[in-house]
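What follows draws every value from the coordinates through simple rules; no lab data is involved. Computed from a prediction, not measured in an experiment: that's the story for all the values here. No Cβ is skipped: glycine too gets one built from the backbone with ideal geometry, and neighbour counts run over all protein chains shown.
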Amino acid sequence: MSSEAMADSQGIRALGAPGEAPALRGELSSGAEDRVLIERAQSGDRAAFEVLVQRYDRQVLRLALNVLGSAEDAQDIYQEAFLKIYRNLPRFRFDCAFYTWIYRIVTNVCLDHLRRRRSHPEDQAPVIHTDASDERRSADFFDRQQAAGGGESNPERNLLGLEIGNKIEAALQALSPRERVVFEMKHYQGLKLRAIGEALGTTEDTVKNSLFRATRKLRSQLSGLR
Amino acid sequence: MLPELHCSNFEDRAVLYAAGELSVAERALVDAHVRQCAGCAAILSSELELREALASRVQPADALDRSEHLLAHCRSELFEALDDAAAQPERAWYSAFLPWRWITGLRHAFVFHPAWSAATMLILGLLAGTAGREWYRQISLPALGRPVVTISAPAPITQQELEKIDLDGIRVEPQSDSADPKVELQLRSPKPRVMQGTPDDAEIRRVLAYVIGHSHQFDDGARLDSIDALRPKANDPQVRAAMSEALRHDPNPAVRLKAIEALRGAGSEPDVQSAILAALAGDDNSGVRIQALDTLFDQLASGDSSSAPLDDQAVSILRDRMHNDSNSYIRSRSADALGRLASLDEDAPSSGGRHP
């Protein structure tokens, strides 16, 4: 079985920007290998646990960074999630895929964080925007003119790209915590709806409805772009 | 299993199509439908465009951790935390109640959350500032080796006790409405106690009046505070007498001035009038004499029929001040007062021509 087929068989199909290598492809090794590592970690083998962490933590951090948009918050999520995973690992009974179990913990931590952020926005670290936006924001008018004149790229196109990027960010921020997580896991992590449902502890139909709602909201907010 | 495809449910089907959630057969159905239906074809096209736009977004993860330094940092912190956890011995259930666990926890919380620590320090500072004074007062009283008794309804104090009273402090708290101020008397001896109430309480009034009239026993601050506290009760005979006594004999001119101000509303009473005239005639402080004269003049100007008429002694004092006072204001103001008296006499049909 190829690694891509294996990923698909586990409910994961990495998506992302066109041309981007699938994020999880190659990250997932066979379930049997995971099982050995998990059993060793459960019996107290720290090295085995560290291997497991390194297999899954890239995606965990990506999820946290994309959903929360803040390096500081993402670090907190990473730490909290993996400490929970470590503490609860002895209770893992192989009744679901290990990545599903990890995602269940990570998404719960993310959802808690997003809900806290909604109820106490003043306590949160500022959301960091993408580099491109920051560069554009920090440059003054003359810098932008100069960059536009001297750059090889098309300034109108850059500006349009920036506007689209900002609108997409704003539209994603407007989603509810659950819709935000579902959308992120579907569109940017490439998980199947069934796998998202398992991670969130809900049915595939419920996740589907969350995806429909999120898509409708995004379509309505981004309608002017097309 | 998805329901049969119609134009009415096409929008959701387009979402699943674009998200790659349809089987090969289901995708073929969608493709066939859009070939026949322009409206649904537009919906699908719009959905695919939206997806393309979303895919073109620079993901925060790429922008924030392109070089994976953050990932490396997270791993290192996590493994460090795991090392710390492994280094700690298995704790008994009761260890959660051990004080150093709490102290360590607080230390970690404060180190990593400077805002919390600043807020906590601020709260502790406020508590120390507000509660500390009260606490100090409480602990300073038992220093004499006697128990402290706090009495909201003051117990009667005998005359002998009054003569031995040693005041630790008087606190007067004005009320926002026109109600009488709250008064707290902290007595050190004959036995440590705190009396709380308002000037309406007879016992509070009695102690304060005693304080006003006994300059040799109480300091200036206590006497001034007592006058402030009793100002609303200046018409009470006991209070009036104490303030008149202070006006005549208190060694501190500030106390005498405050006593005149407090007695202004009761100036028509003979005993008060007598004290005011005495101050005008003999007080060595010109400020007190001016205040006394102004009070007298106000009384004349108001034409209060209930006021005791000024007798010959008052006229004589005013004449004396008019001619002999070292202060020019008092001399001229005394002349005005005498003129006012003369006009009052002319207006009165039964006047005997007593005044000039």
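In terms of other Cβ atoms within 10 Å, A:217, B:191, B:233, A:186 run from fewest to most in the order B:191, A:217, B:233, A:186.
Going from the fewest other Cβ atoms within 10 Å to the most, the residues A:94, A:212 appear in the order A:94, A:212.
Modelled spin-label separation between residue B:202 and residue A:116, with each label point placed 7 Å from Cα along the Cα-to-Cβ direction: 6.3 nm.
Computed from the Cβ-Cβ distance with R0 of 56 Å, the FRET efficiency linking residue B:173 to residue B:69 stands at 0.35.
For residue B:169, the residues whose amide H sits under 5 Å from its own are B:186, ignoring neighbours fewer than 5 places away on the same chain, with H placed 1.01 Å from N. A crude spin-label estimate for the pair residue A:95 and residue B:324, with each label 7 Å from Cα along the Cβ direction, gives 11.1 nm.
Across peptide A:61-67, the average count of Cβ atoms from other chains found within 10 Å of a residue's Cβ is 5. Using the Cβ-Cβ distance between residue B:123 and residue A:209 with R0 = 41 Å, the FRET efficiency computed as 1/(1 + (r/R0)^6) comes to roughly 0.35.
What's the FRET efficiency of residue B:312 with residue B:184 using the Cβ-Cβ distance as r and R₀ = 41 Å, to the nearest 0.05? Don't jump to the answer; show the numbers that get you there.
Numbers: r = 47 Å, r/R0 = 1.14.
Using R0 = 41 Å, I get an efficiency of 0.30.
Stretch residue B:332-residue B:86 to full length: gain in nm at 0.36 nm per residue minus the Cα-Cα span?
79.1 nm
In this simple spin-label approximation, residue A:39 and residue B:134 carry label points 7 Å from Cα along the Cα→Cβ vector, and these lie 6.6 nm apart. Of interest is the spacing of the C-alpha centroids, which for the range B:165-219 and the range B:1-80 amounts to 80 Å. Each of B:17, A:99 has some number of other Cβ atoms within 10 Å of its Cβ, and from fewest to most they run B:17, A:99. The mean count of C-beta atoms from other chains within 10 Å of the C-beta of residues in A:208-221, rounded to a whole number, is 3.
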